[in-house]
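K.L.:
Following this message is one structure expressed as structure tokens.
The values are calculated or read from the model by the stated rules, or taken from the named source; none is laboratory data. Remember, predicted model here, so these are calculated numbers, not experimental data. Virtual Cβ from ideal backbone geometry, glycine too; neighbours counted across all protein chains shown. Remember, those area values only see protein heavy atoms, side chains included, never the ligands or the DNA or RNA. Shrake-Rupley method; radii C 1.70, N 1.55, O 1.52, S 1.80 Å.
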Amino acid sequence: MKDFIIPDDRDMGTPAREGAPVTLTIDGFDVTVPEGTSVMRAAAEAGISVPKLCATDSVEAFGSCRLCVVEIEGRRGTPSSCTTPVAPGMVVHTGSSKVRKIRRGVMELYISDHPLDCLTCSANGDCELQDMAGAVGLRDVRYTAPEGAPLDNHFEARDTSGENHRYLPKDDSNPYFTYDPSKCIVCSRCVRACEEVQGTFALTIEGRGFDSRVSAGNIFDDFLSSDCVSCGACVQACPTATLQEKSVIELGTPERSVVTTCAYCGVGCSFKAEMQGDTLVRMVPWKQGKANRGHSCVKGRFAYGYAHHQDRILNPMIRDRITDPWREVSWDEALSFAATRLRALQEKHGQKSIGVITSSRCTNEETYLVQKLTRAVFMNNNTDTCARVCHSPTGYGLGQTFGTSAGTQDFDSVEKTDVVIVIGANPTDGHPVFASRLKKRLRAGAKLIVIDPRRIDLVKSAHVEAAHHLPLRPGTNVAVVTALAHVIVTEKLYDEEFIRTRCDWDEFQAYAEFVADPRHSPEATEELTRVPAADLREAARLFATGGNGAIYYGLGVTEHSQGSTTVMGIANLAMLTGNIGRPGVGVNPLRGQNNVQGSCDMGSFPHELPGYRHVKLPEVRKIFEDAWGVTIDPEPGLRIPNMLDAAVDGTFKGLYCQGEDILQSDPDTKHVAAGLAAMECVIVHDLFLNETANYAHVFLPGSTFLEKDGTFTNAERRINRVRKVMAPLNGYADWEITQMLANAMLKESGGANWTYTHPSQIMDEIAATTPSFAGVTYGMLDEKGSVQWPCNEDHPDGTPLMHVDEFMRGKGRFIVTEYVATDEKTGPRFPLLLTTGRVLSQYNVGAQTRRTANSVWHGEDVLEIHPHDAENRGLNEGDWVKLASRSGETALRAHVTERVAPGVVYTTFHHPDTQANVVTTDFSDWATNCPEYKVTAVQVSASNGPSEWQEDYAAQAEMARRILPAAE
Amino acid sequence: MSPEKMVHMANQIATFFKSQPGEDQAERVAGHLRDFWEPRMRDQLKAHVAAGGDGLDDLVIKAAQQV
Ligand code: SF4
Ligand code: SF4
Ligand code: SF4
Ligand code: FES
């Protein structure tokens, strides 16, 4: 393991400030800090830790414990250093005998109402109360109980007079942490963390003085039933054992920590994996992480238990037919079985009859190797990745308008924004840490416009309210975005200066003429989009004139027949209003999976080599042909839906699918199943026997992010390190397995020559072949922590903001965005529109999160339906309902709610027994074939339970998952 | 791929480029097909055009000559 020194991780007591430098003297040392900094933080900068209990640098100071008192020359009394801002020339004494005495007195009071069971306490060794008692030199507690009566306290369950009415038992309702009121010192760090860091406002301090207690929700609530979303910010902030991870209670305190990156969503939070030997004790969000700045959500913070789940498959398995049970075999046998089959298929059906799907959950290095396997070993371009079904329109749309496929900002940019448009995204569920950062900015006064068919949480939640919610009809994004542009152009609110200098003026004029046409006005499109015209006008004015405008969007934009067109429309809006190229603005796709950005960067698409360069370009092919010693096919390969079509046609026969479950995640399940069933060699490389594996002939067990080295690239183009903290349970990291498969195939043709021994060598090859990664090495990532591409000679420290002086393609390009109705139309048979999404606690197909305690929050997929539509159909809350489209039908339970508009229903796709995708259709984005998940015409009716299809599916899955006992 | 699906996909592309200003729509449709459609799909399209191009947008038929 390479040495990596964790940079300074001390608690500085209060948050950092930005401002003019101020110099003061603390205990005789001069220190210079930004204006507005607290005396406590200034002291910490000088290396002096002032004792403290209620202050921590993740939240604003509160000044309640009085442990941090200091003396300041020329000022009366002993002010608390956490709430006192520095002033020029101030002279501070942090250790006078006067303040020492006060601190000891304060500690004595705290300890008099605290159980003295330190040796058996779960926070032993990790308790600030304990540390402070030591720091202030507390030696005895003089408070004694009066004769015959106990000292009033909160920690004894019973006293001599019977029940202690002040005692509250431990609340262990949350699956991951406990709340033990007997140890609480009421410092309110948890309450402030929940408000300021997470933005949920789940906690309050009830009562006053000696009666005050921390309370989750109202009196009947425990943590689980309250609004708490289990982000862990309060646990992190708590100085005592009151809020404590259950894993620490069970395992004890960690002895070392390794910085790594969350493997769930595209925010890409940095974590310290805290270890005892090779046992993971807990994951703690890392303060220096530039994506998350010390915050996390329930998935990354707590839901890592799947790594050791009993369902994990650890041995390779093969079978001749998918109707056979699996047979466990050695790695050699599995790989040579796979290699022989794949080569035979190519002999018989041609070079292009096999392909790969790279994983957006695996590392950049692993993804790079899988596409290299197709291009340099299979000798074709049949590679695709899950981005096909999520953000491929972003690649196309931003490529056309700006010249490259990526978000323009870093996440810090949100701190400088004034007006935010969130369109087709639900950040509080999908990108929770970004949502917390956004909500913080909104509470500080930024304005929000939500464009979404559902009333998502951001529209109205604690201390956050959208200025406008435009509840459009699913499928009309282009009409709404074009109407916004219509208002901006016809009311002359656009930024002419920006457009003239940065964009193609002729194209702008053609575009302006197009959008100014009255048929694009909000009034003309209202009937179609169902967005009130007056609201839309106001929203457009606000975005154009409200200061820094930023647009954040998600799959509600891309997963449509016109996904690419909407992305271009969004880029148009940003250019029109001059909102590109500085902090606080920009176009920000919120990426779904942890490494979907990276998998796109690494050449997973069938038409592009790494770095978004088309395979038709001979100069690009030459780079890789020289590096790999092969000839690269100049024709684009098959995309996932095309592979499945070709399989049904009989020309595509073999697939290596790494870390992806297309049978569950891709639309039109029956078609996916038919495609898979038609193939003769399906290799699934995954942690679990996923749904796709029901149709596989070879199963290669995968490794988790805890078990390998590599990098992930998040939605802000940030390349973060993933570090190995334990050995792979399955024996190999995924990049090693791909290499073994490549070599097994190359052996058949005479030359097994892949010889990587560490992922850093793969990164070196990426850097050598891909200009935007030219400056990236593991050494520099260890040193800088992370870097945003492009990182090369021109940008040695990476690129937080893109298109600053000019667009990647030179001039920004306005593109005409004509609305075209999807062919997926409601009618008498299917009168409702189904749209799909996800929830906070589950991730994607749920293969990981369903195997953790996260399922307490979301045990099954439900169908959200408006009360009006429910009543028409005689449906009540919790009823089984049948959901049918022209593709198929399934059954699930109804949740009657006004979050969805009449005529619209909504569900998630986290659970295979529901298989919402049996209902979604094969319609897709015109440019990229990204499926139209977000619009399906459906009918909903009463049902008694699972559909016939679901029962058949479950039976087939059970048959397909049989494993023969291993032969000795 | 079913002919209906192919026709639908090709027509979607034509619909977009038809909405764009300029004179070179057929070339742009052809360019898109060359860049993103795998040869098998392009062959299927050309065969469909040769067989009369049932259901295809005129612009696709024009573009197919240049694919
Ligand atoms: S639970 Fe912890 S953080 Fe919250 S008030 Fe009690 S001691 Fe402080
Ligand atoms: S876990 Fe997060 S949401 Fe829950 S109470 Fe703590 S800070 Fe609030
Ligand atoms: S799931 Fe996303 S937001 Fe949550 S911890 Fe992981 S990267 Fe951060
Ligand atoms: S740390 Fe300053 S008053 Fe508590």
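K.L.:
Give the residues of the stretch A:772-811 that are closer than 21 Å to residue A:587 by Cβ and more than 24 Å from the chain's Cα centre (by Cα), sorted by residue number.
P.N.:
A:795, A:803, A:804, A:805, A:806, A:807, A:808, A:809, A:810, A:811, listed by residue number.
Yes or no, residue by residue, for (1) over 25 Å from residue A:292 (Cα atoms); (2) modelled with pLDDT of 90 or more; (3) part of a strand (DSSP E or B):
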| residue | (1), (2), (3) |
| --- | --- |
| A:190 | no, yes, no |
| A:204 | no, no, yes |
| A:214 | yes, no, yes |
| A:226 | no, no, no |
| A:241 | no, yes, no |
| A:260 | no, yes, yes |
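K.L.:
Could you check, for the stretch A:309-327, whether at least one of its residues is within 16 Å of ligand 2 (Cβ to nearest atom) and either within 14 Å of another protein chain (Cβ to nearest Cβ) or under 28 Å from residue A:707 (Cβ atoms) (or both)?
P.N.:
no
K.L.:
Right, here's the next one. Need pairs with beta-carbon distance below 9 Å; first residue at positive phi and within the stretch A:807-820, second open to solvent by 10 Å² or more (accessible area, probe 1.4 Å) and not hydrophobic (A, V, I, L, M, F, W, C); sequence gap 6+ or separate chains.
P.N.:
A:810/A:403; A:810/A:504
K.L.:
Moving on to the next point. Please work out which residue is nearest to residue A:703 (Cα to Cα), limiting yourself to the stretch A:614-664 and to residues that are part of a loop (DSSP other than H, G, I, E, B) and touching a Pro at 6+ places or on another chain (Cβ under 8 Å).
P.N.:
A:639
K.L.:
Yes or no: residue A:667 under 29 Å from residue A:935 (Cα atoms) and in a loop (DSSP other than H, G, I, E, B)?
P.N.:
Against the criterion (under 29 Å from residue A:935 (Cα atoms) and in a loop (DSSP other than H, G, I, E, B)), residue A:667 qualifies.
K.L.:
Moving to a separate point now. Filter the stretch A:538-575 down to the residues that are within 14 Å of chain B (Cβ to nearest Cβ) and within 18 Å of residue A:814 (Cβ to Cβ), then identify the one that is surrounded by the most Cβ atoms within 10 Å (Cβ to Cβ).
P.N.:
Once the filter is applied, the top-ranked residue is A:567.
K.L.:
For the stretch A:306-322, which positions are open to solvent by 60 Å² or more (accessible area, probe 1.4 Å) and at pLDDT 90 or above?
P.N.:
A:314, A:315, A:320, A:321
K.L.:
Right, next: Can you tell me which residue within the stretch A:605-624, out of those that are farther than 16 Å from residue B:36 by Cα and of a type in the set (D, E, K, R), is farthest from the other protein chains (Cβ to nearest Cβ)?
P.N.:
Selected residue: A:622.
K.L.:
Identify the residue in the stretch A:13-47 that is within 14 Å of ligand 4 (Cβ to nearest atom) and not assigned by TED's automatic domain parsing to the domain that holds residue A:70 and, among all such residues, is nearest to the chain's Cα centre (by Cα).
P.N.:
Among those that are within 14 Å of ligand 4 (Cβ to nearest atom) and not assigned by TED's automatic domain parsing to the domain that holds residue A:70, it is A:15.
K.L.:
Is it the case, given these coordinates, that residue B:62 is more than 12 Å from chain A (Cβ to nearest Cβ), out of contact with any strand residue (DSSP E or B) (no Cβ under 9 Å at 6 or more places or on another chain), over 27 Å from residue A:819 (Cβ atoms) and of a type in the set (D, E, K, R)?
P.N.:
no
K.L.:
On to the next question. Could you list all residues from the stretch A:358-403 that are of a type in the set (S, T, N, Q) and open to solvent by 10 Å² or more (accessible area, probe 1.4 Å)?
P.N.:
A:400
K.L.:
Which ranges mark the strands (runs of 3 or more DSSP E) fully within the stretch A:397-487 that have 1 or more residues being within 19 Å of the chain's Cα centre (by Cα)?
P.N.:
The strands (runs of 3 or more DSSP E) meeting that bar are A:419-423.
K.L.:
Only residues that are part of a strand (DSSP E or B), within 8 Å of ligand 3 (Cβ to nearest atom) and open to solvent by less than 10 Å² (accessible area, probe 1.4 Å): list them for the stretch A:262-277, please.
P.N.:
Of everything in the stretch A:262-277, just one residue is part of a strand (DSSP E or B), within 8 Å of ligand 3 (Cβ to nearest atom) and open to solvent by less than 10 Å² (accessible area, probe 1.4 Å), namely A:271.
K.L.:
Kindly provide the set of residues from the stretch A:228-239 that are in a loop (DSSP other than H, G, I, E, B), touching a helix residue (DSSP H, G or I) at 6+ places or on another chain (Cβ under 6 Å) and free of Cβ contacts under 8 Å to residues at least 60 places away in the same chain, ordered by number.
P.N.:
If the condition is that a residue be in a loop (DSSP other than H, G, I, E, B), touching a helix residue (DSSP H, G or I) at 6+ places or on another chain (Cβ under 6 Å) and free of Cβ contacts under 8 Å to residues at least 60 places away in the same chain, then A:238 is the only one that fits.
K.L.:
One residue is enough: does the stretch A:181-188 have a residue meeting the conditions more than 12 Å from ligand 1 (Cβ to nearest atom) and part of a loop (DSSP other than H, G, I, E, B)?
P.N.:
No; the residues of the stretch A:181-188 include none that is more than 12 Å from ligand 1 (Cβ to nearest atom) and part of a loop (DSSP other than H, G, I, E, B).
K.L.:
While we're here: Might you let me know whether the stretch A:205-213 holds any residue that is away from chain B (no Cβ under 14 Å), within 16 Å of ligand 4 (Cβ to nearest atom) and touching a helix residue (DSSP H, G or I) at 6+ places or on another chain (Cβ under 9 Å)?
P.N.:
yes
K.L.:
From A:55, A:16, which residue is of a type in the set (Gly, Ala, Ser), under 30 Å from residue A:779 (Cβ atoms) and not in a helix (DSSP H, G or I)?
P.N.:
Criteria check complete, one pass: A:16.
K.L.:
Mind checking which residues of the stretch A:217-249 are within 16 Å of ligand 4 (Cβ to nearest atom) and among the hydrophobic types (A, V, I, L, M, F, W, C)?
P.N.:
Passing the criteria: A:237, A:238.
K.L.:
Something else: Tell me which residues, restricted to the stretch A:238-275, are within 16 Å of ligand 1 (Cβ to nearest atom) and over 22 Å from the mean Cα position of the chain (by Cα).
P.N.:
Selection gives A:238, A:239, A:240, A:241, A:242, A:243, A:244, A:246, A:248, A:249.
K.L.:
Let me confirm something: among A:640, A:719, A:683, which residue is among the β-branched types (Val, Ile, Thr), within 14 Å of chain B (Cβ to nearest Cβ) and either crowded, with 24+ Cβ neighbours inside 10 Å or in contact with a Cys (Cβ under 8 Å, 6 or more places away or on another chain) (or both)?
P.N.:
Only one candidate passes the filter, namely A:640.
K.L.:
Another question, then. Looking only at residues in the stretch A:278-305 that are open to solvent by 40 Å² or more (accessible area, probe 1.4 Å) and within 17 Å of residue A:194 (Cα to Cα), which one is nearest to ligand 1 (Cβ to nearest atom)?
P.N.:
Within the stretch A:278-305, the match that is nearest to ligand 1 (Cβ to nearest atom) is A:287.
K.L.:
Which count do you get for residues in the stretch A:105-126 that are surrounded by 17 or more Cβ atoms within 10 Å (Cβ to Cβ), assigned to a helix (DSSP H, G or I) and not aliphatic (A, V, I, L, M)?
P.N.:
Final tally of qualifying residues: 2.
K.L.:
Out of all the residues in the stretch B:6-48, which are outside any helix (DSSP H, G or I) and either farther than 25 Å from residue A:514 by Cβ or facing chain A (nearest Cβ under 10 Å) (or both)?
P.N.:
B:19, B:20, B:21, B:22, B:37, B:38 - these are the residues of the stretch B:6-48 that are outside any helix (DSSP H, G or I) and either farther than 25 Å from residue A:514 by Cβ or facing chain A (nearest Cβ under 10 Å) (or both).
K.L.:
Looking at the stretch A:548-600, which of the residues that are in a strand (DSSP E or B) and not polar (S, T, N, Q) is nearest to the chain's Cα centre (by Cα)?
P.N.:
A:589
K.L.:
Quick check on my filter: what residues within the stretch A:16-32 are touching a helix residue (DSSP H, G or I) at 6+ places or on another chain (Cβ under 7 Å) and under 11 Å from residue A:88 (Cβ atoms)?
P.N.:
A:24
K.L.:
Among the residues of the stretch A:549-593, how many are under 20 Å from residue A:415 (Cβ atoms) and in contact with a Lys or Arg (Cβ under 6 Å, 6 or more places away or on another chain)?
P.N.:
2
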